[in-house]
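Notes follow the structure.
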Amino acid sequence: MRLLSIETSCDETAMSLVEVNERRDNFRVLSDITISQIDIHREYGGVFPALAKREHAKNLIPLLKATVDRSGTKTEVRKLRKEEEEKVQKILSREKNLAEEFISYLSENGIPHFDAVSVTIGPGLAPALWTGVNFARALSLVSGARLYPANHMEGHIASILLKPRYLEEEEALFLLDTFPFPMVALLISGGHTQLVHVRDWGEYELVGETLDDAVGEAFDKVARMLGLPYPGGPEISRIAKEGKIREDIHFPRPMIHSGDFRFSFSGLKTSVRYLIRYFEKAGKLDEQTKRDIALAFEEAVRDVLLAKTAKALDEYGARGLIVAGGVSANERIAQAFREETEKRGIPLYLPERYLCGDNALMIAASALLKIRKGDEGIPPGTEMRAVGNLHF
Ligand code: KG4
Ligand code: ZN
């Protein structure tokens, strides 16, 4: 079974093609490509939705072509039937250029054969999501592939299933039945901060999330205040490495004692802003002070994430912890969870570093969790809606 997966929820356009094994519990990676739009969004200091949508529309056909070429996917050389062409035009009516490119690609290169197409339908930026969703729908229609709508956050959870150096391995995933349930997942990204009770693969309960900014967003905003480029997470952690703990730089740990699983990072961000202003006015915002602020901010975030997650581990009697999403690439945060899980004697599952951010393989892995259970997806060309605020 050949499964194509597509991810366009934010600022990466990603596509992968995998060959699912007979037992339907693992796959081999035939192609995996991510085009990052970071350089384009950097100018704006964040992701600009209309721009993201335009870039996804531009990237999808080149990605499809590269995927088909690399994987030696069989194509059926025939002309699109009139009604197929009309349907494609209708599905992609909001992306006129993409519709044209799509039709001309198929007429020049033939119709690629896939058995299944999984695509992120949410959560994420609605305009960006729609582009991927409509493209997947049109592609499934002409290729006869079943559709698997994917939840981006389940994708981040599934990212921990991918083995390191998967491209050289026969099978890309760890054995699914070796994971201890129940588990708790802490999902930390640019758009989300969620604690999830994972009863089993495919059985999730959202137990808490942020009331305002997501962790990654807070990193990005604080970086901007310090004059660092987007995305700010890696920048903050880079300069924090040389930071020193100082008595005059200390930030609150918002909601750490709230007794529930909710987070808030906007107050923390404001405290950072005030302190930066204070140092600026005093003419003392030198490079070392910026590093010290970055360190103090990172520690405040780490402490809150750790305290809430520890409480969730207790509450749900978790036998394993998953930490995933873009911010899980943060070494100081990852280290805190390594120590915590070691102390408890339970395993910690982190994605490989290059799979912490958005990618299409995690979407393939999340679809496999469904396929394994006999979920047959929905018929080719079925209408799907992008849901910006999709929940578990
Ligand atoms: O999961 P992701 O790639 O995209 C979303 O779904 O949002 O997460 C991106 C976020 C950005 O806010 C970025 O600044 C943050 O992850 N990030 C980090 C680090 N690397 C990426 N935050 C803290 N430390 C890092 N090393
Ligand atoms: Zn993400």
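The values are calculated or read from the model by the stated rules, or taken from the named source; none is laboratory data. All figures in this text were calculated on a predicted structure; none of them were measured in a lab. When we count neighbours, we look across all protein chains shown, and the Cβ atoms used for this are built from the backbone with ideal geometry, even at glycine.
Numbers for the structure displayed
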read-out	value
Conditions (1) out of contact with any helix residue (DSSP H, G or I) (no Cβ under 6 Å at 6 or more places or on another chain); (2) part of a helix (DSSP H, G or I); (3) away from ligand 2 (no atom under 14 Å from the Cβ): number failed by residue 318	(2)
Out of 363, 346, sole residue that is within 18 Å of residue 192 (Cα to Cα), out of contact with any Pro (no Cβ under 7 Å at 6 or more places or on another chain) and either at pLDDT 95 or above or assigned to a loop (DSSP other than H, G, I, E, B) (or both)	363
Hits in segment 294-329 - residues which are touching an Asp or Glu at 6+ places or on another chain (Cβ under 9 Å), among the aliphatic types (A, V, I, L, M) and over 25 Å from residue 220 (Cα atoms)	310, 313, 321
Criterion violated by residue 190 - all others in (1) at pLDDT 95 or above; (2) within 16 Å of ligand 1 (Cβ to nearest atom); (3) not aliphatic (A, V, I, L, M) satisfied	(1)
Checking residue 160 against (1) of a type in the set (Val, Ile, Thr); (2) within 16 Å of ligand 2 (Cβ to nearest atom); (3) more than 22 Å from residue 118 (Cβ to Cβ), the condition it does not meet	(3)
Members of segment 47-90 found to be among the hydrophobic types (A, V, I, L, M, F, W, C), in a helix (DSSP H, G or I) and surrounded by fewer than 17 Cβ atoms within 10 Å (Cβ to Cβ), listed by number	50, 66
Residue tally, condition over 29 Å from the mean Cα position of the chain (by Cα) and of a type in the set (Asp, Glu), over segment 101-117	1
Within segment 127-174, tally of residues that are in a helix (DSSP H, G or I) and either of a type outside the set (D, E, K, R) or within 14 Å of ligand 1 (Cβ to nearest atom) (or both)	28
Residue 247, sole failed condition from (1) part of a helix (DSSP H, G or I); (2) out of contact with any helix residue (DSSP H, G or I) (no Cβ under 9 Å at 6 or more places or on another chain)	(1)
Selection count, segment 1-46, where residues are buried (at least 24 other Cβ atoms within 10 Å of the Cβ) and not in a loop (DSSP other than H, G, I, E, B)	12
Search result, residues across segment 163-177 that are under 13 Å from residue 350 (Cβ atoms) and either modelled with pLDDT under 90 or crowded, with 23+ Cβ neighbours inside 10 Å (or both)	164
Count - residues of segment 301-336 that are under 20 Å from the mean Cα position of the chain (by Cα) and of a type in the set (Phe, Trp, Tyr)	0
So residue 333, is it within 11 Å of ligand 1 (Cβ to nearest atom) and at pLDDT 95 or above	yes
Matching residues, segment 347-360, being buried (at least 18 other Cβ atoms within 10 Å of the Cβ) and away from ligand 2 (no atom under 13 Å from the Cβ)	349, 350
Residues located in segment 193-215, provided they are within 16 Å of ligand 1 (Cβ to nearest atom), part of a strand (DSSP E or B) and small (Gly, Ala, Ser)	none
In segment 94-126, the residues that are part of a helix (DSSP H, G or I) and of a type in the set (Lys, Arg)	96
